[in-house]
Amino acid sequence: MTNQGNQGNGAPRERRRIIVFGAGGRVGRAVVAEARARGFEVTGAGRGDGDVTSAADVARLAAGHDAAVASVYDPGAAPGTFFPAAARALAAGLGGAGVGRLVSVGLASVLPTRSGTPLMDTPGYPQEWREFYVGHGAGTEALRAAAPAALDWAVLSPSGDFTPEEAGTGAGAEAGARASAGAAPGYAFAPADADARIRYADFARAVLDEVLVPTVHRTHAGVAAA
């Protein structure tokens with residue numbers, strides 16, 4: 001399904017405050033820029049602000065916010081430990097803080113292809129990072145198990161990967177230009193495809209659209225350029 005984006009940059013009052021965990025990464029920076037361009041009040045949270053695997057830290061940071069985005073990674077931790085721990089902490093901490101919507105950034109490798117086979121299990125797919133893939137998938141399953149009913153969550157990832165030539169910066173200026181022009185390129189929700197690519201700025205649009213007007217609920221969806 002192709003999504004042409006929500007019209008206008010304004011966010012409904014009940015979704016005006018957003019916290020971005022992992023705001024210093026490429027995806028996080030693009031999401032922060034897009035959110036600010038749309039008029040959200042944005043809090044960027046990084047490792048120096050608290051531990052995303054601590055429900056208490058998540059709750060402290062998220063207090064007073066309406067929605068959260070998580071694009072987190074700890075290179076010093078085992079993926080199979082870190083991602084489930086972060087998912088459980090986000091579920092408990094956001095739930096305790098009264099945050100109603102979470103969009104977490106996932107990984108295409110664990111997303112089903114059109115045939116139903118996870119991308120990581122298709123012939124020729126690189127296996128040297130399989131521990132990372134499996135850890136990401138375990139994080140989504142931990143979120144599914146731990147999220148309270150009041151927390152409406154979604155996991156979004158590229159259907160394949162990001163375009164390598166685009167560094168993920170400049171999204172705010174681009175969003176402003178789109179608003180002035182009254183138009184924006186579309187993106188599409190799609191199954192995993194190793195050849196699919198999407199720009200960071202367009203992926204950030206998908207993330208913010210899902211914060212603003214949720215259509216993906218308690219599942220992992222892939223996003224591709226359209």
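Using a simple spin-label model with pseudo-atoms 7 Å out from Cα toward Cβ, Asp121 and Ala145 lie 1.9 nm apart. Net charge in the neighbourhood of Val223 (other residues with Cβ under 14 Å of its Cβ; Lys, Arg +1, Asp, Glu -1) is -3.
One Cα centroid belongs to region 89-112, the other to region 53-76; the line between them spans 9 Å.
For region 26-70, the gyration tensor built on C-alpha atoms gives an oblate shape. Its axis ratio a/c (a ≥ b ≥ c) is at least 1.5, and a/b is not larger than b/c.
Label-to-label distance, Asp74 versus Asp161, with points set 7 angstrom from Cα along the beta-carbon direction: 2.7 nm.
Would you please classify the overall shape of region 14-167 from the alpha carbon gyration tensor, given that a ≥ b ≥ c denote the square roots of the eigenvalues, rounded means a/c under 1.5, and beyond that prolate means a/b larger than b/c while oblate covers the rest? The shape class here is prolate. Sum up the charges of everything whose Cβ sits under 9 Å from the Cβ of Gly160, counting Lys and Arg as +1 and Asp and Glu as -1, but leave Gly160 out. Local charge sum for Gly160: -2. Highest mean first, the peptides 122-129, 43-50, 151-158 sorted by other C-beta atoms within 10 Å per residue fall in the order 151-158, 43-50, 122-129.
Bear in mind that the values in this text are calculations on the coordinates, not laboratory data. Being a predicted model, the structure only gives us computed values, none of them experimental. Please note: Cβ atoms are built from the backbone with ideal geometry, for glycine as well, and neighbour counts cover all protein chains shown.
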